[in-house]
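Report on the structure given below.
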Amino acid sequence: MPVRTRKDLAQALSQGKVEPVYFLFGRETFLRDKAARAIADEALRETLLREFNDSGFSLRDGDARTPIAAAEQLPMMSQRRVVRVTDFTKLDEINEEILLNYLDRPVETSVVIFVTEDIDKRKKLAKRLMQAAAFEFTPLNNSELATWAKAHLKELKTEIEPVALSRVIELVGSDVRTLTNELDKLVTATLPSTIITEKLVDDLVGRSRELLNWELTDQMIARNRPQTLQTLKHLLDDGTPPVMLIGLIGSTYRRIALAHALLSKGASPREIFRQVPMPPFKQSSFLAMLNHMDTRKLSRQIARIAEADLSIKTSKATPRMQIELLVCELTE
């Protein structure tokens, strides 16, 4: 079965179609998590005792038996039971086989949702999940971000000037979770008016977001540790959540990786900046940086960012300490 899109999923759920197994994967975590909630909402639409029929399990400890045991239980006063499974991509053979056995014979009264950012598609489990109801959530391009933002604001009965919308996307980047948070703040700040202006965007979003997108990452890539730590301190003291900083630093490095891959394949600057949008005044220095980029080092840096992100989310040391350590390592 081919991988489907989030639009396919929305259409199926609107028709009341619910599958016994879902595989949601991709780096766009906000829309991916929203899709998991939509599946659960539809599966448990007429359930009165939802808390007894909706559960989630992380397999970080490597034991796949618990979520499968939950999936094999009959629902309590409900037609279906929902089980969400995360952190399942690094299981040993025995626990992977437990999941494979379930996928061969899923329970009709359960809806099991496997959620991950990425998976080794060469593995047997990945191939089997791809045969289920698999939906990929890739980062949105600028046009898709604009469409999504307009729809979100319409629900909040607010409009936005076209130039203001472009400015928000430029400042925030492609992370829909961050974009949503910023739009929600703008909606509140614009009251009693219902129109978001460019001035409001610059006043509310511009200062910290521009520092984040350009100064912080520029200083990191230039390995200017003193300036980077100073900018980082300013952002943290300003109340920017460390997990947001990690996400945006990771997004920047993934954009660098994409641009570097395009450059190595002989893509023109125009094609590179079509896929990796960037203000014109930054393009020359960005291309110069790409020409001196070490591919292996970049891969290690992205892996280290992912490790720091996981450490923050699993409460290993304080979030502030984790991001400060990460910045120190990336600027070595």
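A few points about this structure:
- Averaging the sequence gap over all C-alpha pairs within less than 8 Å and six or more residues apart, then dividing by the number of residues, gives the stretch 49-131 a relative contact order of 32 percent.
- Under Karplus coefficients 6.51, -1.76 and 1.60, residue-wise ³J(HN,Hα) of the stretch 65-75 in Hz, glycine/proline x: 5, 4, x, 5, 4, 5, 5, 8, 6, 6, x
- Karplus (6.51, -1.76, 1.60) ³J(HN,Hα), θ = phi - 60°, over the stretch 216-222, in Hz, Gly and Pro reported as x: 4, 6, 4, 5, 5, 5, 7
- Helical contribution to [θ] at 222 nm, DSSP H n ≥ 4, -39,500 (n - 2.57), averaged over the chain, rounded to 500: -17500 deg cm²/dmol
- Set of aspartates and glutamates with alpha-carbon distance to residue 127 below 20 Å, sequence-local pairs under 8 removed: 19, 87, 92, 93, 96, 97, 104, 117, 118, 136
- Taking amide H positions as modeled 1.01 Å from N, with prolines and chain starts lacking one, the residues under 5 Å from residue 112 and 5 or more places away or on another chain are 21, 22, 83.
- For the stretch 96-191, relative contact order (Cα pairs under 8 Å, six or more residues apart, normalised by length) works out to 23 percent.
- Backbone phi angles across the stretch 227-237, fed through the Karplus curve with coefficients 6.51, -1.76 and 1.60 (θ = phi - 60°), yield HN-Hα couplings of 5, 4, 5, 5, 5, 4, 4, 4, 5, 5, 5 Hz in residue order; Gly and Pro are listed as x.
- Using the Cβ-Cβ distance between residue 55 and residue 284 with R0 set to 51 Å, the FRET efficiency works out to roughly 0.45.
- Interchain or long-range residues, amide H under 5 Å from residue 4's placed H: 134, 135, 136
- Listed values [x] 66, 58, 43; [y] 59, 46, 38; [z] 59, 50, 41 include one computed from this model; for Cα extents along the principal axes in Å that value carries the label [z].
- Sorting 72-82, 297-307, 171-181 by their mean Cβ neighbour count within 10 Å, with the most densely packed peptide first, gives 171-181, 72-82, 297-307.
- The angle between the Cα long axis of helix 295-313 and the longest principal axis of the Cα atoms of the chain comes to about 60 degrees, rounded to the nearest 10.
- Once C-alpha pairs closer than 8 Å and six or more residues apart are averaged by separation and normalised to the residue number of the stretch 1-158, the relative contact order reads 37 percent.
- Subset of 157/313; 150/313; 34/233; 185/233 violating a 29 Å alpha-carbon distance limit: 157/313; 150/313; 34/233
- Angle of helix 280-291 to the longest C-alpha principal axis of the chain, folded into 0 to 90 degrees and rounded to 10: 70°.
- Distant-in-sequence amide contacts of residue 196, defined by a placed amide H-H separation under 5 Å and a gap of 5 or more residues or a different chain, comprise 159, 160, 161.
- Taking N as its residue count, the alpha carbon Rg of the stretch 177-332 over 2.2 N^0.38 Å: 1.12
FYI, it's all coordinate maths here, none of it is from the lab. Computed from a prediction, not measured in an experiment: that's the story for all the values here. With ideal geometry, Cβ positions are generated from the backbone for all residues, glycine too; neighbour counts draw on all protein chains shown.
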